[in-house]
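Asks: A single structure is presented below for examination.
The values are calculated or read from the model by the stated rules, or taken from the named source; none is laboratory data. Everything numeric in this text was worked out from a predicted model, so none of it was measured. Because the Cβ atoms are built from the backbone with ideal geometry, glycine has one as well, and the counts that use them run over all protein chains shown. For the accessible areas, the whole protein counts, side chains as well, though only heavy atoms, and no ligand, DNA or RNA atoms are used. Shrake-Rupley method; radii C 1.70, N 1.55, O 1.52, S 1.80 Å.
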Amino acid sequence: MYDVEKIRADFPILSREVYGKPLIYLDNAASSQTPRRVVESIERMYFAHKANVHRGVHCLSQEATDAMELGRETARAFINAPSVEEVIFTRGTTEAINLVASSYGSLLSEGDEVILSVMEHHSNIVPWQLLASRRGIVIKVIPVLEDGALDMEAYRNLFTERTRLVSICHASNVLGTVNPIREMAAIAHEHGCVICVDGAQGVPHIKVDVRELDCDFYAFSAHKMYGPTGIGILYGRRSLLEKMPPYQGGGEMIGHVSFSGTTWAELPFKFEAGTPDYVDAAALTEGIRFIDSLGIDNIAAHEHELLRYTTEKMLEIPGMRIFGTAPGKCAVISFLIGRAHHYDTGMLLDKLGIAVRTGHHCAQPLMESLGIEGTVRASFAAYNTFDEADRFIAALHRIAPLLDS
Ligand SMILES: *Cc1c(COP(=O)(O)O)cnc(C)c1O
(Lines give C-alpha, C1' and ligand atoms only; values in the text may rest on other atoms or scores of the structure.)
Protein backbone atom coordinates (compact mmCIF):
# COMPACT_ATOMS: atom_id res chain seq x y z
CA MET A 1 0.00 0.00 0.00
CA TYR A 2 1.14 3.55 -0.72
CA ASP A 3 1.69 5.00 2.76
CA VAL A 4 2.31 8.71 2.28
CA GLU A 5 2.78 9.44 5.99
CA LYS A 6 5.50 6.81 6.18
CA ILE A 7 7.18 8.33 3.11
CA ARG A 8 7.03 11.82 4.65
CA ALA A 9 8.75 10.62 7.81
CA ASP A 10 11.92 10.19 5.74
CA PHE A 11 11.92 13.88 4.76
CA PRO A 12 12.69 15.98 7.86
CA ILE A 13 12.14 19.26 5.98
CA LEU A 14 8.49 18.40 5.41
CA SER A 15 7.73 18.76 9.10
CA ARG A 16 9.11 22.28 9.42
CA GLU A 17 7.03 25.41 9.60
CA VAL A 18 7.27 28.69 7.71
CA TYR A 19 5.81 31.85 9.28
CA GLY A 20 4.39 29.62 12.02
CA LYS A 21 2.43 27.53 9.51
CA PRO A 22 3.12 23.98 8.39
CA LEU A 23 5.11 23.95 5.16
CA ILE A 24 3.25 22.78 2.07
CA TYR A 25 5.92 22.20 -0.54
CA LEU A 26 4.53 22.41 -4.08
CA ASP A 27 7.70 23.48 -5.91
CA ASN A 28 8.86 20.01 -6.81
CA ALA A 29 9.35 20.71 -10.52
CA ALA A 30 12.16 23.09 -9.53
CA SER A 31 13.76 20.80 -6.91
CA SER A 32 12.27 17.92 -5.00
CA GLN A 33 13.10 17.39 -1.34
CA THR A 34 15.64 14.85 -0.18
CA PRO A 35 15.07 11.73 1.90
CA ARG A 36 17.33 10.86 4.84
CA ARG A 37 19.04 8.01 3.01
CA VAL A 38 20.50 10.42 0.43
CA VAL A 39 21.84 12.82 3.06
CA GLU A 40 23.18 9.89 5.09
CA SER A 41 25.03 8.67 2.01
CA ILE A 42 26.67 12.10 1.65
CA GLU A 43 27.61 12.05 5.32
CA ARG A 44 29.04 8.52 5.03
CA MET A 45 31.18 9.56 2.08
CA TYR A 46 32.60 12.60 3.88
CA PHE A 47 33.11 10.86 7.22
CA ALA A 48 34.42 7.51 6.06
CA HIS A 49 35.34 7.22 2.38
CA LYS A 50 36.45 10.59 1.03
CA ALA A 51 39.42 10.40 -1.34
CA ASN A 52 39.91 11.27 -4.97
CA VAL A 53 38.62 8.57 -7.29
CA HIS A 54 40.32 6.43 -9.97
CA ARG A 55 43.95 5.49 -10.15
CA GLY A 56 44.17 5.60 -6.36
CA VAL A 57 46.16 2.72 -4.96
CA HIS A 58 44.90 3.17 -1.41
CA CYS A 59 41.82 1.75 0.24
CA LEU A 60 39.82 4.99 0.61
CA SER A 61 40.28 5.87 -3.04
CA GLN A 62 39.07 2.41 -4.03
CA GLU A 63 36.00 2.78 -1.81
CA ALA A 64 35.16 6.21 -3.19
CA THR A 65 35.58 4.91 -6.74
CA ASP A 66 33.35 1.92 -6.02
CA ALA A 67 30.66 4.18 -4.51
CA MET A 68 30.72 6.51 -7.51
CA GLU A 69 30.66 3.65 -9.99
CA LEU A 70 27.75 2.08 -8.13
CA GLY A 71 25.94 5.39 -8.73
CA ARG A 72 26.66 5.04 -12.44
CA GLU A 73 25.46 1.44 -12.55
CA THR A 74 22.31 2.35 -10.57
CA ALA A 75 21.56 5.18 -13.01
CA ARG A 76 22.20 2.83 -15.95
CA ALA A 77 19.72 0.29 -14.61
CA PHE A 78 17.20 3.05 -13.78
CA ILE A 79 16.98 4.12 -17.45
CA ASN A 80 17.84 0.67 -18.85
CA ALA A 81 20.86 1.95 -20.78
CA PRO A 82 22.76 -0.86 -22.51
CA SER A 83 26.09 -0.17 -20.75
CA VAL A 84 27.75 2.00 -18.09
CA GLU A 85 30.11 3.32 -20.76
CA GLU A 86 27.12 5.25 -22.12
CA VAL A 87 26.29 6.89 -18.77
CA ILE A 88 28.18 10.16 -18.26
CA PHE A 89 28.17 12.17 -15.04
CA THR A 90 27.47 15.87 -15.51
CA ARG A 91 26.47 18.71 -13.18
CA GLY A 92 22.86 18.29 -14.31
CA THR A 93 20.52 18.50 -17.26
CA THR A 94 21.87 21.88 -18.34
CA GLU A 95 25.46 20.69 -18.55
CA ALA A 96 24.38 17.46 -20.25
CA ILE A 97 22.58 19.36 -23.03
CA ASN A 98 25.50 21.79 -23.36
CA LEU A 99 27.76 18.77 -23.79
CA VAL A 100 25.61 17.43 -26.64
CA ALA A 101 25.22 20.84 -28.32
CA SER A 102 28.91 21.57 -28.04
CA SER A 103 30.39 18.17 -28.86
CA TYR A 104 27.85 16.58 -31.20
CA GLY A 105 27.19 20.10 -32.48
CA SER A 106 30.80 20.40 -33.62
CA LEU A 107 30.03 17.68 -36.18
CA LEU A 108 27.34 19.86 -37.79
CA SER A 109 27.90 22.33 -40.61
CA GLU A 110 26.58 25.73 -41.53
CA GLY A 111 22.98 25.49 -42.73
CA ASP A 112 22.27 22.22 -40.88
CA GLU A 113 18.98 22.32 -39.00
CA VAL A 114 18.04 21.47 -35.42
CA ILE A 115 14.40 21.05 -34.34
CA LEU A 116 13.31 22.23 -30.86
CA SER A 117 9.83 22.96 -29.49
CA VAL A 118 8.25 26.11 -28.16
CA MET A 119 7.76 24.46 -24.74
CA GLU A 120 11.49 23.98 -24.11
CA HIS A 121 13.26 25.09 -20.95
CA HIS A 122 15.97 27.68 -21.62
CA SER A 123 18.55 24.94 -21.04
CA ASN A 124 17.32 23.23 -24.17
CA ILE A 125 17.27 26.44 -26.21
CA VAL A 126 20.29 28.56 -25.34
CA PRO A 127 22.99 25.87 -25.92
CA TRP A 128 21.59 25.47 -29.46
CA GLN A 129 21.55 29.23 -29.98
CA LEU A 130 25.20 29.35 -28.93
CA LEU A 131 25.88 26.63 -31.47
CA ALA A 132 23.92 28.59 -34.08
CA SER A 133 26.12 31.62 -33.54
CA ARG A 134 29.31 29.52 -33.65
CA ARG A 135 28.49 27.24 -36.56
CA GLY A 136 25.59 28.85 -38.41
CA ILE A 137 23.09 26.08 -37.77
CA VAL A 138 19.40 26.90 -38.14
CA ILE A 139 16.85 26.35 -35.35
CA LYS A 140 13.28 25.29 -36.20
CA VAL A 141 10.52 25.27 -33.60
CA ILE A 142 7.55 22.90 -33.12
CA PRO A 143 4.44 24.81 -31.94
CA VAL A 144 1.95 23.54 -29.35
CA LEU A 145 -1.79 23.06 -29.71
CA GLU A 146 -4.46 24.74 -27.60
CA ASP A 147 -4.29 22.11 -24.81
CA GLY A 148 -0.49 22.22 -24.62
CA ALA A 149 0.16 19.06 -26.66
CA LEU A 150 2.85 19.25 -29.33
CA ASP A 151 1.63 19.85 -32.86
CA MET A 152 2.83 16.55 -34.34
CA GLU A 153 1.65 17.47 -37.83
CA ALA A 154 3.85 20.55 -37.71
CA TYR A 155 6.72 18.41 -36.33
CA ARG A 156 6.58 16.08 -39.34
CA ASN A 157 6.56 19.05 -41.70
CA LEU A 158 9.65 20.69 -40.19
CA PHE A 159 12.04 18.04 -41.55
CA THR A 160 14.09 18.95 -44.61
CA GLU A 161 17.20 17.58 -46.31
CA ARG A 162 19.26 19.62 -43.85
CA THR A 163 17.70 18.46 -40.57
CA ARG A 164 20.27 16.72 -38.37
CA LEU A 165 18.96 16.66 -34.83
CA VAL A 166 15.81 16.99 -32.70
CA SER A 167 16.06 18.08 -29.07
CA ILE A 168 12.87 17.89 -27.05
CA CYS A 169 11.71 17.71 -23.44
CA HIS A 170 10.19 14.45 -22.20
CA ALA A 171 7.73 16.49 -20.16
CA SER A 172 7.14 20.25 -19.98
CA ASN A 173 8.02 21.93 -16.69
CA VAL A 174 5.21 24.46 -17.29
CA LEU A 175 2.38 22.64 -19.07
CA GLY A 176 3.01 19.15 -17.70
CA THR A 177 2.61 17.82 -21.26
CA VAL A 178 4.30 14.45 -21.75
CA ASN A 179 5.65 14.25 -25.29
CA PRO A 180 5.42 11.07 -27.39
CA ILE A 181 9.17 10.47 -27.43
CA ARG A 182 9.08 7.00 -28.99
CA GLU A 183 7.01 8.22 -31.92
CA MET A 184 9.14 11.37 -32.28
CA ALA A 185 12.32 9.30 -32.20
CA ALA A 186 10.99 7.01 -34.93
CA ILE A 187 10.16 10.01 -37.12
CA ALA A 188 13.58 11.60 -36.46
CA HIS A 189 15.36 8.34 -37.33
CA GLU A 190 13.33 7.93 -40.54
CA HIS A 191 14.87 11.23 -41.58
CA GLY A 192 18.37 10.11 -40.58
CA CYS A 193 18.41 12.48 -37.57
CA VAL A 194 19.39 11.92 -33.95
CA ILE A 195 17.12 12.80 -31.02
CA CYS A 196 18.20 14.28 -27.69
CA VAL A 197 15.71 14.21 -24.80
CA ASP A 198 15.64 16.70 -21.92
CA GLY A 199 14.46 14.29 -19.26
CA ALA A 200 14.56 16.67 -16.26
CA GLN A 201 10.77 16.33 -15.82
CA GLY A 202 10.66 12.79 -17.17
CA VAL A 203 12.60 10.67 -14.69
CA PRO A 204 10.78 11.84 -11.52
CA HIS A 205 7.35 10.92 -12.92
CA ILE A 206 7.60 8.43 -15.78
CA LYS A 207 9.25 5.02 -16.18
CA VAL A 208 12.14 5.77 -18.54
CA ASP A 209 13.65 3.08 -20.74
CA VAL A 210 16.07 4.63 -23.22
CA ARG A 211 16.09 1.45 -25.31
CA GLU A 212 12.33 1.38 -25.56
CA LEU A 213 12.19 5.12 -26.31
CA ASP A 214 14.99 4.54 -28.82
CA CYS A 215 16.43 8.00 -28.11
CA ASP A 216 20.08 8.86 -28.82
CA PHE A 217 20.69 11.13 -25.82
CA TYR A 218 18.77 11.45 -22.55
CA ALA A 219 19.66 14.11 -19.94
CA PHE A 220 18.47 14.50 -16.34
CA SER A 221 19.26 16.06 -12.94
CA ALA A 222 19.40 14.27 -9.59
CA HIS A 223 18.01 17.18 -7.56
CA LYS A 224 14.58 16.88 -9.25
CA MET A 225 14.34 13.17 -8.40
CA TYR A 226 14.99 13.10 -4.63
CA GLY A 227 18.75 13.06 -5.15
CA PRO A 228 21.54 15.50 -4.27
CA THR A 229 22.24 18.81 -6.02
CA GLY A 230 25.18 19.21 -8.38
CA ILE A 231 24.98 15.92 -10.25
CA GLY A 232 23.16 14.70 -13.33
CA ILE A 233 23.41 12.18 -16.11
CA LEU A 234 23.79 12.20 -19.84
CA TYR A 235 22.98 8.90 -21.51
CA GLY A 236 24.37 8.74 -25.05
CA ARG A 237 24.30 6.02 -27.67
CA ARG A 238 27.76 4.47 -27.84
CA SER A 239 28.18 4.81 -31.62
CA LEU A 240 27.59 8.57 -31.32
CA LEU A 241 29.69 9.13 -28.18
CA GLU A 242 32.58 7.35 -29.87
CA LYS A 243 32.70 9.77 -32.77
CA MET A 244 32.14 12.89 -30.64
CA PRO A 245 35.11 14.98 -29.50
CA PRO A 246 35.64 15.63 -25.74
CA TYR A 247 33.58 18.46 -24.24
CA GLN A 248 36.22 19.73 -21.80
CA GLY A 249 39.88 18.91 -21.37
CA GLY A 250 41.75 18.07 -18.19
CA GLY A 251 42.52 15.18 -15.90
CA GLU A 252 40.51 11.93 -15.95
CA MET A 253 39.54 12.30 -19.61
CA ILE A 254 42.85 11.48 -21.25
CA GLY A 255 44.56 8.32 -22.43
CA HIS A 256 48.05 9.72 -22.73
CA VAL A 257 49.15 13.37 -22.74
CA SER A 258 52.18 14.67 -24.57
CA PHE A 259 52.92 17.98 -26.26
CA SER A 260 53.12 16.19 -29.58
CA GLY A 261 49.54 14.95 -29.18
CA THR A 262 47.10 13.63 -26.60
CA THR A 263 44.77 10.65 -26.76
CA TRP A 264 41.39 10.36 -25.07
CA ALA A 265 40.27 8.04 -22.33
CA GLU A 266 37.70 5.33 -23.00
CA LEU A 267 34.00 6.04 -22.56
CA PRO A 268 32.52 7.39 -20.38
CA PHE A 269 35.66 9.07 -18.98
CA LYS A 270 36.38 10.89 -22.24
CA PHE A 271 33.53 13.21 -21.24
CA GLU A 272 34.37 13.56 -17.54
CA ALA A 273 37.24 16.05 -17.30
CA GLY A 274 38.56 16.86 -13.85
CA THR A 275 37.70 15.40 -10.47
CA PRO A 276 34.05 14.34 -10.67
CA ASP A 277 31.50 15.11 -7.96
CA TYR A 278 32.00 11.64 -6.56
CA VAL A 279 30.18 12.35 -3.29
CA ASP A 280 26.95 13.27 -5.05
CA ALA A 281 27.46 10.58 -7.69
CA ALA A 282 27.42 8.08 -4.83
CA ALA A 283 24.38 9.71 -3.21
CA LEU A 284 22.50 9.49 -6.51
CA THR A 285 22.29 5.74 -5.83
CA GLU A 286 20.11 6.42 -2.79
CA GLY A 287 17.82 8.83 -4.66
CA ILE A 288 17.13 6.14 -7.23
CA ARG A 289 16.72 3.48 -4.54
CA PHE A 290 14.14 5.72 -2.90
CA ILE A 291 12.14 5.85 -6.15
CA ASP A 292 12.56 2.12 -6.72
CA SER A 293 11.46 1.34 -3.16
CA LEU A 294 8.08 2.97 -3.87
CA GLY A 295 7.89 2.01 -7.54
CA ILE A 296 7.79 4.76 -10.16
CA ASP A 297 4.36 3.58 -11.34
CA ASN A 298 2.96 3.91 -7.81
CA ILE A 299 4.45 7.40 -7.49
CA ALA A 300 2.96 8.34 -10.86
CA ALA A 301 -0.48 6.98 -9.88
CA HIS A 302 -0.44 8.90 -6.59
CA GLU A 303 0.64 12.14 -8.29
CA HIS A 304 -1.95 11.66 -11.00
CA GLU A 305 -4.75 11.37 -8.42
CA LEU A 306 -3.50 14.54 -6.70
CA LEU A 307 -3.39 16.30 -10.07
CA ARG A 308 -6.92 15.26 -11.03
CA TYR A 309 -8.37 16.15 -7.61
CA THR A 310 -6.60 19.52 -7.32
CA THR A 311 -7.33 20.58 -10.90
CA GLU A 312 -11.04 19.83 -10.48
CA LYS A 313 -11.28 21.86 -7.26
CA MET A 314 -9.20 24.73 -8.60
CA LEU A 315 -11.58 25.17 -11.54
CA GLU A 316 -14.36 26.03 -9.04
CA ILE A 317 -12.50 29.27 -8.26
CA PRO A 318 -13.87 32.21 -10.28
CA GLY A 319 -11.40 33.50 -12.88
CA MET A 320 -9.13 30.43 -12.66
CA ARG A 321 -7.13 29.75 -15.82
CA ILE A 322 -5.01 26.59 -16.07
CA PHE A 323 -2.33 26.38 -18.76
CA GLY A 324 -1.75 22.86 -20.06
CA THR A 325 -4.58 20.33 -20.17
CA ALA A 326 -3.16 17.70 -22.51
CA PRO A 327 -4.28 14.13 -21.79
CA GLY A 328 -1.78 12.16 -19.71
CA LYS A 329 0.01 15.28 -18.44
CA CYS A 330 2.22 14.98 -15.36
CA ALA A 331 1.55 16.61 -12.01
CA VAL A 332 2.37 20.24 -12.78
CA ILE A 333 -0.35 22.91 -12.61
CA SER A 334 0.40 26.32 -14.10
CA PHE A 335 -2.31 28.87 -13.47
CA LEU A 336 -3.42 32.47 -13.17
CA ILE A 337 -6.36 33.90 -11.23
CA GLY A 338 -8.26 36.58 -13.14
CA ARG A 339 -5.98 39.48 -13.91
CA ALA A 340 -3.87 38.95 -10.79
CA HIS A 341 -0.11 39.07 -11.19
CA HIS A 342 1.57 35.67 -10.70
CA TYR A 343 4.00 37.19 -8.23
CA ASP A 344 1.25 38.55 -5.94
CA THR A 345 -0.47 35.17 -5.91
CA GLY A 346 2.80 33.40 -5.07
CA MET A 347 3.61 35.87 -2.33
CA LEU A 348 0.24 35.49 -0.62
CA LEU A 349 0.50 31.70 -0.82
CA ASP A 350 3.98 31.89 0.69
CA LYS A 351 2.62 33.80 3.68
CA LEU A 352 0.27 30.87 4.23
CA GLY A 353 3.17 28.42 4.21
CA ILE A 354 2.64 27.22 0.65
CA ALA A 355 5.70 27.09 -1.60
CA VAL A 356 4.91 27.51 -5.31
CA ARG A 357 7.00 28.98 -8.12
CA THR A 358 6.05 32.07 -10.08
CA GLY A 359 7.35 33.68 -13.26
CA HIS A 360 8.37 32.41 -16.68
CA HIS A 361 9.84 29.11 -15.35
CA CYS A 362 12.82 29.43 -17.74
CA ALA A 363 10.44 29.09 -20.67
CA GLN A 364 10.04 32.61 -22.03
CA PRO A 365 9.29 31.54 -25.63
CA LEU A 366 6.39 29.44 -24.31
CA MET A 367 5.09 32.39 -22.25
CA GLU A 368 5.25 34.55 -25.35
CA SER A 369 3.28 31.99 -27.36
CA LEU A 370 0.64 31.88 -24.59
CA GLY A 371 0.52 35.68 -24.58
CA ILE A 372 1.39 35.93 -20.88
CA GLU A 373 4.39 36.98 -18.82
CA GLY A 374 4.35 34.19 -16.33
CA THR A 375 2.25 31.81 -14.28
CA VAL A 376 1.99 30.43 -10.79
CA ARG A 377 3.06 26.81 -10.75
CA ALA A 378 2.17 24.11 -8.25
CA SER A 379 3.90 20.78 -8.80
CA PHE A 380 3.55 17.53 -6.87
CA ALA A 381 5.90 14.80 -5.72
CA ALA A 382 5.63 11.38 -4.11
CA TYR A 383 5.17 12.82 -0.60
CA ASN A 384 2.37 15.35 -1.20
CA THR A 385 -0.98 14.60 0.41
CA PHE A 386 -4.66 15.22 -0.28
CA ASP A 387 -4.75 17.22 2.92
CA GLU A 388 -2.11 19.52 1.45
CA ALA A 389 -4.13 19.77 -1.75
CA ASP A 390 -7.19 20.76 0.32
CA ARG A 391 -5.23 23.39 2.22
CA PHE A 392 -3.81 24.74 -1.04
CA ILE A 393 -7.31 25.02 -2.52
CA ALA A 394 -8.65 26.65 0.66
CA ALA A 395 -5.79 29.16 0.47
CA LEU A 396 -6.66 29.95 -3.15
CA HIS A 397 -10.30 30.58 -2.16
CA ARG A 398 -9.09 32.84 0.60
CA ILE A 399 -6.72 34.94 -1.53
CA ALA A 400 -8.66 35.06 -4.80
CA PRO A 401 -11.00 37.89 -3.65
CA LEU A 402 -7.97 39.92 -2.46
CA LEU A 403 -6.28 39.59 -5.84
CA ASP A 404 -8.78 40.17 -8.58
CA SER A 405 -9.35 43.88 -8.20
C1 LIG B 1 14.93 22.03 -14.37
C2 LIG B 1 14.88 21.75 -15.82
C3 LIG B 1 16.03 21.86 -16.61
C4 LIG B 1 17.36 22.30 -16.05
O5 LIG B 1 17.83 21.44 -15.07
P6 LIG B 1 19.10 21.87 -14.18
O7 LIG B 1 19.08 20.89 -13.08
O8 LIG B 1 18.86 23.27 -13.75
O9 LIG B 1 20.30 21.75 -15.06
C10 LIG B 1 15.92 21.57 -17.94
N11 LIG B 1 14.75 21.21 -18.48
C12 LIG B 1 13.62 21.07 -17.77
C13 LIG B 1 12.37 20.63 -18.43
C14 LIG B 1 13.65 21.36 -16.41
O15 LIG B 1 12.53 21.26 -15.69
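Asks: For Arg44, put the label point 7 Å out on the Cα→Cβ axis and report which residues of the range 223-251 keep their amide N under 15 Å from it.
Replies: Residues 228 qualify, since their backbone N sits under 15 Å from the label point.
Asks: What is the sum of charges around Ile168, taking Lys and Arg as +1, Asp and Glu as -1, for the other residues whose C-beta is under 15 Å from the C-beta of Ile168? Intermediate values should be presented prior to the final figure.
Replies: Details: positive: Lys140, Arg156, Arg164, Arg182; negative: Glu113, Glu120, Asp151, Glu183, Asp198, Asp214, Asp216.
Counting the neighbours of Ile168, the net charge comes to -3.
Asks: What whole number of Å gives the distance from the Cα centroid of the range 295-324 to the Cα centroid of the range 171-206?
Replies: 22
Asks: Run through the range 254-328 and list the chymotrypsin sites (Phe, Trp or Tyr not before Pro) located in a DSSP loop whose Cβ has at most 15 other Cβ atoms within 10 Å. Mind dumping the intermediate values first?
Replies: On the way: sites: Phe259, Trp264, Phe269, Phe271, Tyr278, Phe290, Tyr309, Phe323; in loops: Phe259.
In loop regions of the range 254-328 (DSSP not H, G, I, E or B), the sparsely surrounded chymotrypsin sites (Phe, Trp or Tyr not before Pro) are Phe259.
Asks: Can you spot the lysines whose alpha carbon is less than 30 Å from Lys243's alpha carbon? Ignore those fewer than 8 places along the same chain.
Replies: Cross-link targets: Lys140, Lys207, Lys270.
Asks: Provide the net charge surrounding Thr94, with neighbours chosen by a C-beta distance below 13 Å and charges set as Lys +1, Arg +1, Asp -1, Glu -1.
Replies: -1
Asks: To continue, here is another question. What aspartates and glutamates sit close enough to Lys329 to cross-link, taking a C-alpha to C-alpha distance under 18 Å and skipping anything fewer than 8 places away on the same chain?
Replies: Lys329 reaches Asp27, Glu120, Glu146, Asp147, Asp151, Glu183, Asp198, Asp297, Glu303, Glu305, Glu312.
Asks: Over the heavy atoms of His121, what accessible area does a 1.4 Å probe trace out, to the nearest 10 Å²?
Replies: 40
Asks: Next question. Would you mind working out the accessible area per residue for the chain, using a 1.4 Å probe, and quoting it in Å²?
Replies: Computed with neighbouring chains in place, this is 42 Å² per residue.
Asks: Cross-link candidates for Lys21: which lysines have Cα within less than 18 Å, leaving aside residues fewer than 8 places away along the same chain?
Replies: Lys351
Asks: Moving on to the next point. Can you give the Rg and Dmax of the range 20-105 based on its C-alpha atoms, in angstrom?
Replies: For the range 20-105, the Cα-based Rg and Dmax read 16.9, 53 Å.
Asks: Val356: net charge of surrounding residues, Cβ under 13 Å, Lys/Arg +1, Asp/Glu -1, itself excluded?
Replies: 0
Asks: Could you tell me how many cubic angstrom of Cα convex hull volume the range 268-405 has per residue? If you can, show how the numbers build up before the last one.
Replies: Details: hull volume 23.4 nm³, N = 138.
Per residue, the Cα convex hull of the range 268-405 comes to 169 Å³.
Asks: Given +1 on the Cβ of Lys and Arg, -1 on the Cβ of Asp and Glu, and no further charges, what dipole in debye does the range 148-195 carry about its Cα centre, rounded to the nearest 20?
Replies: 140
Asks: Follow-up. Measuring from centroid to centroid over Cα atoms, what is the spacing of the range 76-104 and the range 111-135 in Å?
Replies: Cα centroid to Cα centroid, the span is 18 Å.
Asks: If you average 1/r over every pair of different alpha-carbon atoms in the chain and take one over that average, what Kirkwood value in Å do you get?
Replies: Result for the chain, one decimal place: 22.2 Å.
Asks: Mind checking the range 193-253 for chymotrypsin sites (Phe, Trp or Tyr not before Pro) that DSSP puts in a loop (not H, G, I, E or B) and that have at most 11 other Cβ atoms within 10 Å?
Replies: In loop regions of the range 193-253 (DSSP not H, G, I, E or B), there are no sparsely surrounded chymotrypsin sites (Phe, Trp or Tyr not before Pro).
Asks: Please list, by residue number, every one of the GluC sites (Glu not before Pro) in the range 114-221 that is coil in DSSP and has at most 12 other beta-carbon atoms within 10 Å. Before the final figure, lay out the partial values.
Replies: Values: sites: Glu120, Glu146, Glu153, Glu161, Glu183, Glu190, Glu212; in loops: Glu120, Glu146, Glu161.
Sites meeting the loop and neighbour criteria: Glu146, Glu161.
Asks: For the range 120-220, would you read off the P(r) tail past 16 Å as a percentage of all alpha carbon pairs?
Replies: Distances greater than 16 Å cover 57 percent of the Cα pairs.
Asks: Considering only protein heavy atoms and a 1.4 Å probe, what is the carbon-and-sulfur percentage of the accessible area of the range 246-291?
Replies: 54
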